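A short worksheet on the structure shown next.
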Amino acid sequence: MKKIVPGLFIMFLFVAISCKQKEVVQKTTSVQNSIEHADGFELYEYEDFSILKVTRPWPGATEDLVYVLKRAGTTVPDSLVKYPAISIPIKSVLVTSTTHLPALEILGELETLKGFPGLDYISSEMIRKQIDAGKIREIGQNELLNTEIILDVHPDALVAFGMDGNNTVLKSIEQAGVSVIYNGDWAEQTPLGKAEWIKFFGALYDKSALATTTFKSIETNYNQTLKEISSIKKLPTVLSGAMYQDVWYLPQGQSWAAVFFKDAQTNYLWSQSEGTGSLSLSFEAVYEKAQNADFWINPAQFETKEQLKKANPHYANFEAFKNDRVYSFSAKKGKTGGVLFYELGPTRPDLVLKDLVSIVHPEVFPNYQRTFYEKLQ
């Protein structure tokens with residue numbers, strides 16, 4: 001039997017270790033981010049695990065939140081062991097925003113939903129049946145989550161949203177051994193960017209293929225509507241928002257709502273304003289600019305013209321009010337008052353866009369039945 005001299009053995013060992021390190025580096029750097037439209041998270045999918053990187057869990061976040069999603073029996077590279085590891089597919093979950101719910105329904109994972117803060121806000125008929133059957137528990141409110149119930153349920157994951165990283169309740173839940181995963185879908189400012197967060201849940205349930213197929217269908221539908229209205233030249237003017245106390249709040253020019261108005265081929269009267277949040281204006285400033293607007297879309301929480309007029313008699317002076325061209329999604333609710341738009345709209349921008357086009361360009365989709373919007377009566 002041939003002996004390997006010590007120096008040669010050390011050289012072989014060095015080469016073996018170097019190759020192993022190179023393999024690990026390649027394994028964690030060679031895969032491309034699979035997210036196309038959303039800019040608040042990234043997803044890197046490998047053979048036996050995925051890296052879920054939430055780059056904007058809340059506006060102004062300065063650090064990425066990284067989660068390693070791994071299948072049973074998988075060993076992840078040493079470079080990733082410092083990050084929280086979550087076994088997939090998850091079998092039980094608590095979510096904290098109605099925008100999270102459609103993904104569970106689409107992916108066929110409603111049975112895994114064990115709790116939600118504010119059950120009355122849920123409009124989905126399928127989820128309401130689960131609630132009525134006692135399968136989904138009330139877990140409080142986002143800033144006052146019931147830790148006792150959460151620890152009793154002890155889900156595989158709690159999908160949270162935060163205005164910042166200072167939620168002490170979530171930190172204590174995490175310290176108690178529950179995996180807390182932040183979801184920043186609410187901070188996205190493009191319709192398709194919000195919708196792509198279905199892939200976030202697809203990764204958690206190890207159903208990325210289904211999530212991708214679903215999103216591609218939504219994207220195709222959205223782009224098809226854009227194509228059908230691309231030749232329209234006359235853009236109707238649009239007013240939005242309403243007064244709260246002495247201030248009129250309406251979408252800024254780069255906000256999610258304003259993008260919809262632009263894509264629906266309208267002239268949103270504040271489209272040139274900077275920002276992705278809300279403008280705060282006086283009644284006089286809005287009236288001066290929008291008294292002759294063709295349409296008034298999304299007048300806050302109001303569901304009828306009578307409610308509008310009762311809140312402020314001056315609303316009746318707008319031409320859109322006089323011409324019965326005021327539209328809102330506020331009236332479409334579940335049986336306990338949850339507004340359908342807030343739950344399903346972010347996941348289905350294709351339906352939102354088609355609704356808006358059917359309002360401002362009715363000739364494009366004659367006899368179209370809207371999903372979210374109704375004319376105020």
Taking segment 29-80 and dividing mean pair separation by its residue count, relative contact order in percent (alpha carbons under 8 Å, at least six apart): 25
Alpha-carbon gyration tensor eigenvalues x 5, square-rooted, for segment 102-259, Å: 33, 22, 16
Gain upon complete extension [E363, I229; 0.36 nm per residue less C-alpha separation]: 47.2 nm
Size-normalised alpha-carbon gyration radius of segment 191-283, reference 2.2 N^0.38 Å: 1.37
Of the DSSP H helices in the chain, those whose Cα atoms cover at least 20 Å axially and whose Kyte score averages -0.5 or more: 6-29
Residue-normalised accessible area of segment 144-191, expressed per residue, 1.4 Å probe, Å²: 45
The chain, helix-only ellipticity at 222 nm - DSSP H runs n ≥ 4, -39,500 (n - 2.57), divided by all residues, nearest 500: -10000 deg cm²/dmol
Extension gain (nm, one decimal) between M163 and T75, 0.36 nm per residue minus Cα-Cα: 28.3 nm
Segment 63-162: relative contact order as a whole-number percent, Cα under 8 Å and 6+ apart: 29
Alpha-carbon Debye profile of segment 236-320, log10 I(q)/I(0) at 0.26 Å⁻¹: -1.46
Solvent-accessible area per residue, Å², over segment 303-375 with all protein chains present [probe radius 1.4 Å]: 47
Theoretical gain in end-to-end length, S273 to N312 [0.36 nm per residue, Cα-Cα removed]: 11.5 nm
Portion, in percent, of the accessible area of segment 119-177 that falls on carbon or sulfur, probe 1.4 Å: 49
Theoretical FRET efficiency, 1/(1+(r/R0)^6), r = Cβ-Cβ of S217 and A176, R0 51 Å, to 0.05: 0.85
All-pairs alpha carbon distance profile, segment 75-122, 5 Å steps from 0, percent: 5, 17, 23, 18, 11, 12, 10, 3, 1
Burial ranking of peptide ranges 78-87, 251-260 (average Cβ count within 10 Å, highest at the top): 251-260, 78-87
Estimated inter-spin distance, L151 and E138, nm [label 7 Å along Cα→Cβ]: 2.2
Column: log10 I(q)/I(0), Debye, Cα scatterers of the chain, q = 0.07 Å⁻¹: -0.39
Under the Karplus curve 6.51 cos²θ - 1.76 cosθ + 1.60, θ = phi - 60°, whole-Hz ³J(HN,Hα) for segment 49-60, x wherever Gly or Pro sits: 7, 10, 10, 9, 10, 8, 8, 9, x, 7, x, x
Rounded accessible area per residue of segment 198-288, 1.4 Å, Å²: 48
The chain: relative contact order as a whole-number percent, Cα under 8 Å and 6+ apart: 15
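The values are calculated or read from the model by the stated rules, or taken from the named source; none is laboratory data. From a predicted model like this one, the values you see are computed outputs, not experimental measurements. Please note: Cβ atoms are built from the backbone with ideal geometry, for glycine as well, and neighbour counts cover all protein chains shown. SASA here: full protein model, heavy atoms, side chains in, ligands and nucleic acids out. Shrake-Rupley method; radii C 1.70, N 1.55, O 1.52, S 1.80 Å.
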